[in-house]
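Laboratory data are not the source of any read-out in this text; all were calculated from the coordinates shown. What you see is a predicted model; the values in this text were computed from it and never measured. Positions of Cβ are generated from backbone atoms using ideal geometry, with glycine treated the same way; all protein chains shown enter the neighbour counts.
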Amino acid sequence: MSGSTQWPLWEVFVRSRRGLSHTHAGSLHAPDAEMALRNARDLYTRRSEGVSIWVVPSASVTASSPDEKDSFFEPAGDKPYRHPTFYEIPEGVRHL
Amino acid sequence: MNSTPTDTDPGTGAGLGAETATAALALADDALILSHRLGEWAGHAPELEEDVALANIALDLLGQARILYTLVGDEDELAYLREERAFRNLQLVEQPNGDFAHTIARQLYFSTYQRLLYGRLATGDGPFAALAAKAVKEVDYHQDHAEQWTLRLGDGTAESHERMERACTALWRFTGEMFQPVGDGDGLDGVDRQELAESWLSSVTAVLRRATLTVPEGPRSGAWTAGAGRQGLHTESFGRMLAEMQHLHRSHPGASW
Amino acid sequence: METTAAAREAAFDTAVAADERIEPRDWMPEAYRASLVRQMAQHAHSEIIGMQPEANWITRAPSLRRKAILMAKVQDEAGHGLYLYSAAETLGTSRDELLDKLHAGRQKYSSIFNYPTLTWADVGAIGWLVDGAAITNQVPLCRCSYGPYARAMVRICKEESFHQRQGYESLLALSQGTPAQHEMAQDAVNRWWWPSLMMFGPPDDESAHSAQSMIWKIKRHSNDELRQRFVDICVPQAEALGLTLPDPDLKWNEERGQHDFGAIDWNEFREVLKGNGPCNEARISQRRRAHEEGAWVREAATAYAAKHSGDDSGGGSDAAGEVTA
């Protein structure tokens, strides 16, 4: 009856103003990319929330698995030398 | 009713000339009536996303109508207290929604006209220039929306193709009116109607062809020499639409809301 | 990287207890998932069914300003429905499935929308009381343990406060208007007050899902707690409106520091829930009709997309998929 007519799902990314990157706003259904863009404009920027929109078919998103959380993200946790606060600078030295 | 209600003297509002006021009223009525019709879709659209899209268009049009009415007088008096014969909108915009194809065909015809007209008004320095400059951005989007859907319905399934053909043909006879003078004079800053009509036809023809639809043939206006919407002559469903729109306001004379 | 079931469950419990958010691909207990889908679906359905009683007045709004406000509001409700379906879809349930369940009567929506909007004042009363109750219910959901739901609620709550304020303003105009308008406003408040109190759900000792939902932080406060909060908020607001609330037992209780209020007719609540409200049938059939009558349109767009999938204007995030304002 109605089950076969559902349009695919799209993820919507909105740049809220110039100088910022696009951030994920949510998703919606649309038959194709052109309509997805327009639907996103109507749905996610109707209160002037954006200046630019990306839409991506949800099926095209590859995500890291939460089960691999430890191996993926923990190894970065013990490398404080990547952060500027790791380094001590003599008092009075500026512009560093 | 044997007397003909005339205009509620639209020339007094903001010092506009009578011709300009008549034109403002005609454009305002177009926008209000189409907005009202689109508002009837709320909760009935083929998909939720489309509910949101149609409401956006309806809100843009309502905003345009309100600015235009204010040029002429009090917006609510003009919208709620005029009789059917005093409304100057095109018959096209008052046509009932029908199925989604009818609504889209109506949108295509009207938004193409509005985009071309406002584009021209925006480049002039007449009383409509500022309004048109803002409105043309909105109307561009309406035209795009109508075009996208015309393509999808025309070149979609056999059923949608047939429905869209039928809708385009049914509304064709209301399209000539868009290029006739508004009222007695011409308050539209001397926009060249002939040229407007040609641009409209080539734009609509291009979209219909891309959508694999045939460009309708046949007359583009009625045979009644008395005129049509611009002369305050409407189709029968319009009176009922106005009755619904106005009854609450009229039931409480002088009340504010 | 096998994790034992017990360890997973412990990790989930710890995360929830520590007020961390659960995200779509995280492991979660089946019952948590089911509970969320049920609640988000019911919430989404409420938004889209909730369009109907108000859309009922778009064509009759008594001024152009009110017409614009009402249209924007009903549009927001469609939008909120979309945010919520979108949140529900992160758990792998498609919108179509959810809509099918709604249309078949297998999933519920808020019972309040089974009452009719008989006069223009009902639109104001819905804004003030129904949206007011909804906000009271929903603000805590912005901190719900499930990330996508919480994020949708943040967006929704921001927009809802417009709804409540416009409703209040509209009722105020009526209350301070002509005697006929005042009477219309009072009549609407009389009809919407009790159903609004029912929106918080059955009393705590009868609420089927409450206890577990509180532990899971899908829910943050009990039904009775929120209902009490709502009553306390509304009393001074009604006074400022110059309208009365239809409850002779409503009075300030010095000792509790809260208002006492009369007994709610839970029988009516259950009956409306069962389908015997004044509009249950009409609401669902309109929804079903819109969906069925839209089928050919959705099919057409799908067919068009299939035919033209090869001819889009090239890829790249800065080209085909982007619109810049």
Per-residue Cβ neighbour rank within 10 angstrom, fewest leading, C:Val231, B:Val52, A:Val56: A:Val56, C:Val231, B:Val52
Selected from C:Cys279, B:Gly156, C:Ala31, residue furthest toward positive end of dipole (the protein assembly as shown; charges at beta carbon): B:Gly156
Average partner coverage of A:49-61, which counts Cβ from other chains inside 10 Å: 3
Cα long-axis angle, helix A:33-44 against chain A (0 to 90 degrees, to the nearest 10): 70 degrees
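Please report the projected area of segment C:168-278's Cα convex hull averaged over all directions, in nm².
Values: hull surface 35.2 nm².
Computed as one quarter of the Cα hull surface, the answer is 8.8 nm².
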Dipole magnitude of chain C about its Cα centre (Cβ charges: Lys, Arg +1; Asp, Glu -1), debye to nearest 20: 560 debye
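Dipole size in debye (nearest 20) for the protein assembly as shown around its Cα centre, Lys and Arg Cβ +1, Asp and Glu Cβ -1? Kindly include the intermediate steps, with their values, before the conclusion.
On the way: 67 positive and 96 negative charges, 69 e Å.
Charge dipole, the protein assembly as shown, about its Cα centre: 340 debye, nearest 20.
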Principal-axis tilt of helix B:48-72 within chain B, Cα atoms, nearest 10 degrees: 30 degrees
Principal-axis tilt of helix B:236-251 within chain B, Cα atoms, nearest 10 degrees: 50 degrees
Listed residue (A:Ser64, B:Leu248, C:Val16) projecting farthest to the positive dipole end of the protein assembly as shown, Cβ model: A:Ser64
Highest-MSF residue in chain C out of C:Ala180, C:Ala44, C:Ala301 [GNM, Cα springs under 10 Å]: C:Ala301
Helix runs (DSSP H) in chain C reaching 15 Å along axis by Cα, Kyte-Doolittle at least 1.0: none
Positive dipole terminus of segment B:18-251, leading residue within B:Asn97, B:Ala79, B:Leu233 (C-beta point charges): B:Leu233
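What does the C-alpha gyration tensor say about the overall shape of chain C? Classify as rounded when a/c is under 1.5, otherwise prolate if a/b is larger than b/c, or oblate.
Working: a/c = 1.92, a/b = 1.24, b/c = 1.55.
Here chain C falls in the oblate category.
What average number of partner chain Cβ atoms lie no more than 10 Å from the Cβ of the residues making up C:90-97? Numbers along the way, then the final one.
Details: counts 4, 0, 0, 0, 4, 8, 7, 2.
Per residue, the average neighbour count from other chains is 3.
Give me the extension gain from B:Ala255 to B:Leu81: residue separation times 0.36 nm, minus the current Cα-Cα distance, reported in nm with one decimal. Can you show the working numbers first?
Numbers: separation 174, 0.36 × 174 = 62.64 nm, distance 1.29 nm.
The B:Ala255-B:Leu81 span can extend by a further 61.4 nm.
With only Lys, Arg, Asp and Glu charged, each at its Cβ (+1 for the first two, -1 for the last two), find how big the charge dipole of segment B:18-251 is about the Cα centre; round to the nearest 20 debye. Intermediate values should be presented prior to the final figure.
Numbers: 21 positive and 36 negative charges, 65 e Å.
For this selection, approximately 320 debye.
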B:Gln194-B:Arg210 pseudo-label distance in nm [points 7 Å out on the Cα-to-Cβ vector]: 2.9 nm
